[in-house]
Amino acid sequence: MSTTLSEDHQLLVDAVRDYARGELIDLDAEWDRTETSCCTKLDHFYEMGLMGLRVPEGDGGLDVPTVCYAPIIGELAYAAPSVAVTVGVHSMVCEIIASFADESIKHEMLAKLASPGNLSAFAISEPDAGSDPASAKVRADKVDGGWKLNGAKMWVTNGMTGRWFVVFARTGDTSAARGFSMFLTDAQQPGVERTLISGKMGIRASETAEMNLEDFFVPDTYLLGKIGWGMRIGLSALDGGRIGIASQATGIAQACLDLMLDYSKQREQFKRPIADFQAIQWMIADSATEIAAAQGLIDQAATLKDAGQPYTHAASMAKLFASEMANRVAYRAVQVHGGYGYCNEFRVEQLYRDARITTIYEGTSEVQRIVIARDLLRDK
């Protein structure tokens with residue numbers, strides 16, 4: 001499978017790379033220290049078109065293919081993992097709207113999502129419903145002209161600054177897939193209360209919130225797809241989101257490897273650069289090899305997605321391998337830096353913390369293994 005980018009797409013990736021590495025690394029370190037949200041600092045991202053990566057050109061977006069989108073997320077993650085997931089979640093919502101929104105609102109909404117002040121979020125998890133979305137308790141009850149939503153959502157990325165939320169809610173009395181639907185909601189309307197979740201181990205500049213809904217009205221036109229399509233839409237969105245998280249993880253790992261390389265050539269012990277020692281060389285070699293393998297899995301999943309072919313299996317493999325690889329590489333980066341790697345004066349300390357979440361959100365590593373194994377065991 002070829003993942004060769006067009007000249008225009010390569011120029012975009014290069015521009016993101018230059019901007020991210022030139023402007024975001026120091027900002028991200030400061031955001032991490034102060035737990036300051038990056039969501040209020042996105043004006044330049046809108047100017048660059050990065051908030052419209054998955055919005056059709058006719059609606060004001062860039063409409064880049066997944067094989068271009070993935071390296072852009074990777075480049076953002078190299079410099080600022082929190083920014084990468086912020087853009088990634090927003091892009092996932094853009095894809096949901098493009099695929100499932102009612103025609104009467106679709107184009108207006110997509111144009112808004114590519115414009116400042118319209119950050120979006122995806123609300124599927126709940127306090128007692130994480131890996132098992134069928135345990136969701138948020139209810140949507142039919143009323144005249146629309147629906148009223150009640151209940152609590154948890155771990156909502158972009159949850160404080162975001163305006164447009166895609167919310168997974170129970171519309172039937174069954175726990176089967178047909179008992180759930182998906183809604184677009186405007187958080188500027190009455191009936192929503194948001195609480196910031198602070199004290200996170202990593203990606204501290206990414207907003208994470210709890211959201212409480214009380215008789216929150218959603219018009220009929222904001223139902224996504226059809227009644228009973230909630231699980232279908234959610235799983236489809238997560239498939240694409242896993243390519244983004246795999247790319248985030250690989251960007252983190254590449255930053256760790258580059259820091260390992262630089263430090264090992266500068267740091268001397270026993271009157272020699274530590275890069276001369278086999279133990280260090282093996283950590284570097286293993287890291288570079290695993291990053292290349294992860295990139296291959298990402299490219300495969302992205303190419304399948306762009307070709308309109310089934311890619312659930314490939315996306316889960318990419319997410320599983322890349323996220324666990326990033327944690328191994330971050331571990332090695334701290335190890336190469338020794339005691340200095342354990343202090344926040346050196347960036348590997350933050351990257352070590354940032355990498356950890358990639359094995360948890362968008363489906364834990366354990367869930368990815370279930371998805372992969374079930375596909376392999378299914379009768380063909």
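We did not get these values from a lab; they are worked out from the coordinates using the rules stated. Computed from a predicted structure; not experimentally measured. Glycine also receives a Cβ, built like all others from the backbone with ideal geometry; neighbour counts cover every protein chain displayed.
Evaluate the relative contact order of the chain (contact order divided by residue number), counting alpha-carbon pairs under 8 angstrom at least 6 apart; express in whole percent. Each step should come with its number before you reach the end.
On the way: 737 pairs, mean separation 63.7, N = 380.
The normalised contact order for the chain reaches 17 percent.
Please state the relative contact order of the range 7-113 as a whole percent: Cα pairs under 8 Å, 6+ residues apart? Write out the running numbers ahead of the final one.
Details: 105 pairs, mean separation 32.7, N = 107.
Dividing the mean separation by the residue count of the range 7-113 yields 31 percent.
Would you list which aspartates and glutamates come within 19 Å of Lys148, measuring only between C-alpha atoms, while excluding same-chain residues fewer than 8 positions from it?
Cα-Cα hits under 19 Å: Asp102, Glu126, Asp173, Asp186, Glu193, Glu210, Glu214, Asp215, Asp220.
Roughly speaking, what is the stretch gain from Ala279 to Tyr342, that is 0.36 nm per residue apart minus the C-alpha to C-alpha distance, in nm to one decimal?
On the way: separation 63, 0.36 × 63 = 22.68 nm, distance 1.91 nm.
Between Ala279 and Tyr342, full extension yields an extra 20.8 nm.
Which of the peptides 289-300, 11-22 is most tightly packed, and how do the rest follow, going by the mean number of other Cβ atoms within 10 Å of each residue? Each step should come with its number before you reach the end.
Working: 289-300: 19.2, 11-22: 16.4.
So the peptides 289-300, 11-22, ranked by packing, come out 289-300, 11-22.
Just the number, please: percent antiparallel of the DSSP beta bridges in the range 120-228, rounded to the nearest 5. Spell out each step's value before the answer.
Numbers: 29 of 34 bridges.
Antiparallel bridges make up about 85 percent of those DSSP assigns within the range 120-228.
About its Cα centre, how strong a charge dipole does the chain have in debye, to the nearest 20, once Lys and Arg get +1 and Asp and Glu get -1 at the Cβ?
On the way: 36 positive and 50 negative charges, 212 e Å.
Value, rounded to 20: 1020 debye.
Efficiency by 1/(1 + (r/R0)^6): what FRET value for Asp173 and Arg33, r their Cβ-Cβ distance, R0 = 56 Å, to the nearest 0.05? Mind dumping the intermediate values first?
On the way: r = 48 Å, r/R0 = 0.86.
The value I calculate is 0.70.
FRET efficiency for Asp26 and Leu196, Cβ-Cβ distance as r, R0 = 30 Å, nearest 0.05? Mind dumping the intermediate values first?
Details: r = 24 Å, r/R0 = 0.80.
That pair, Asp26 with Leu196, gives E of 0.80.
Helix 365-377 sits at what angle to the longest principal axis of the chain, using alpha carbons and giving 0 to 90 degrees rounded to 10?
Helix 365-377 and the main axis of the chain meet at about 70 degrees.
What FRET efficiency would be calculated for the residue pair Asp286, Gln266, taking the C-beta separation as r and a Förster radius of 30 Å, to the nearest 0.05?
Numbers: r = 21 Å, r/R0 = 0.70.
It comes out at approximately 0.90.
Can you give me the C-alpha center-to-center distance between the range 353-380 and the range 149-219, rounded to a whole angstrom?
23
Of the listed pairs Lys137/Lys226; Lys200/Lys319; Lys106/Lys226; Lys137/Lys200, which have alpha-carbon separations greater than 23 Å here? Write down the numbers at each step before the final one.
Values: Lys137/Lys226 19 Å; Lys200/Lys319 21 Å; Lys106/Lys226 15 Å; Lys137/Lys200 25 Å.
Table pairs above 23 Å Cα-Cα are Lys137/Lys200.
Taking the 0 to 90 degree range and rounding to the nearest ten, how far is the long axis of helix 103-113 tilted relative to the main principal axis of the chain, both from C-alpha atoms?
30
Can you show me the helix-derived [θ] at 222 nm for the chain, built from DSSP H runs with n ≥ 4 at -39,500 (n - 2.57) apiece and divided by the number of residues, rounded to the nearest 500. The partial results should precede the final answer.
Working: 11 runs with 189 residues, N = 380.
Mean residue ellipticity, 222 nm, calculated: -16500 deg cm²/dmol.
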